[in-house]
Amino acid sequence: EAKRAGKNRYCYFSIDMTDKIDEKMNVISILRKSIEEDQFKLLYQPIYDSVSKKASSFEALIRIKDSSLSPGVFIDIAEETGLIVPIGRWVLQEVFKQLQFWQDRNFDLIPVAINISPRQIRDDNLFDFIKFLLEEYEICPSLIELEITENMLLEDKDDNLKKLNKIKSLGICISLDDFGTGYSSLSYLSYMPIDKIKLDKSIKDKFLDRKDTEVIKSLISMFHGLNLKVVAEGVETEEEYIQLLSHSTDYIQGYLFSKPLNPEDAALILKTNQ
Ligand code: C2E
Ligand code: MG
Ligand code: MG
Ligand code: MG
């Protein structure tokens, strides 16, 4: 099993409980060390307008320097342990620094989307911190987007929604990430303060290859009816792109157009984007 999972050294399925706990302790100590020694970095993956094929925003994706440990593994553990709070603050500040750096060089900026875990929303200081960053780095709020998941509704729902609305009132756009991976009630679509919806790669993989592309098509038209823009995540082939375009998907993100880029390469995208 572990071998089939390929490079994912942290596949938990075939190892026993003690190994599991050891692995987890190991990840926790890597995270602590990375916080202390400032060993995180951000990559920026462009998200493209599906019609013009221009980059319309970036998504900031965290990495640990010189490590193959992926956020798919360590973010959950950071969330469980609360380490996501200092890590998340680092991510936010790093994005603002980056935007200021580009702004100072008169680059044509596009918004940067930042992934926010439920624990970070529950944190009472998130609003104040974002407000501080906007002022300190002199960044227009329309250049910041937050990506949240429906998991934020599992605990302290009303309180979290209040906090999210307050952040949104600063002029920051909110996207719902990983649509299709959570629980199935769609009622939250009517009260969540979101502007965009990101269809998880699994949705596309499940429906696009088969004859039932009607599902995707209807989903997208429902979202448009709710005034939401639709992003397809994990688009890897031209065929997928063509189908998603024919179903009026607004934005495309995936290896077909670009993998996550280091800041220097992301800057090249800004320069050639006009
Ligand atoms: P996500 O927010 O859904 O991000 C999209 C993930 O899909 C990224 O994985 C990206 O590298 C990957 N991806 C992009 N295009 C393709 C494609 O065409 N095919 C495939 N197979 N994958 C593609 P990554 O960077 O490993 O991040 C995994 C998850 O970790 C993210 O999923 C997000 O939930 C979380 N994450 C990453 N950075 C942060 C962060 O700074 N803060 C928080 N709280 N979570 C983060
Ligand atoms: Mg995301
Ligand atoms: Mg996503
Ligand atoms: Mg996803």
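The values are calculated or read from the model by the stated rules, or taken from the named source; none is laboratory data. Since we're looking at a predicted model, the values are computed, not measured. Quick reminder, even Gly has a Cβ in these numbers, built from the backbone with ideal geometry, and neighbours come from all protein chains shown. These area figures cover heavy atoms from the full protein model, side chains too; ligands, DNA and RNA do not enter into them. Shrake-Rupley method; radii C 1.70, N 1.55, O 1.52, S 1.80 Å.
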message: Condition first: farther than 27 Å from SER185 by Cβ, away from ligand 2 (no atom under 16 Å from the Cβ) and open to solvent by 30 Å² or more (accessible area, probe 1.4 Å). Can you find one or more residues in segment 214-236 that meet it?
response: yes
field: Close pairs from segment 101-123: first away from ligand 4 (no atom under 16 Å from the Cβ), partner acidic (Asp, Glu) and outside any strand (DSSP E or B), Cβ under 7 Å, at least 6 apart
entry: ARG119/GLU79; ARG122/ASP156
message: With the requirement that a residue be farther than 20 Å from SER221 by Cβ, open to solvent by 40 Å² or more (accessible area, probe 1.4 Å) and either more than 15 Å from ligand 3 (Cβ to nearest atom) or acidic (Asp, Glu) (or both), what does segment 186-202 give you?
response: TYR191
task: Report, by residue number, each residue of segment 197-234 that is basic (Lys, Arg) and in contact with a helix residue (DSSP H, G or I) (Cβ under 9 Å, 6 or more places away or on another chain).
output: LYS204, LYS206, LYS217, LYS229
query: If you check every pair at least six apart or on different chains, which have Cβ atoms under 6 Å apart with a residue in segment 173-190 that is touching a residue at least 24 places away in the same chain (Cβ under 8 Å) first and a residue that is away from ligand 4 (no atom under 16 Å from the Cβ) and basic (Lys, Arg) second?
result: ILE174/LYS168
message: Suppose we filter GLU94, GLU80 for residues that are closer than 18 Å to ALA60 by Cβ and among the acidic types (Asp, Glu); which single one remains?
response: GLU94
- line: Taking segment 204-213 and keeping only residues that are within 16 Å of ligand 4 (Cβ to nearest atom) and open to solvent by 70 Å² or more (accessible area, probe 1.4 Å), one is left with LYS206
query: Which of (1) within 15 Å of ligand 3 (Cβ to nearest atom); (2) under 29 Å from LEU92 (Cα atoms); (3) of a type outside the set (Val, Ile, Thr) is the odd one out, the single condition ASP205 does not satisfy?
result: (2)
field: Condition broken by ASP38, with the remaining ones in (1) assigned to a loop (DSSP other than H, G, I, E, B); (2) in contact with a strand residue (DSSP E or B) (Cβ under 7 Å, 6 or more places away or on another chain) satisfied
entry: (2)
- prompt: Pick from segment 8-35 the residues that are more than 15 Å from PHE74 (Cβ to Cβ) and in a loop (DSSP other than H, G, I, E, B): which of them is modelled with the highest pLDDT?
  reply: ASP16
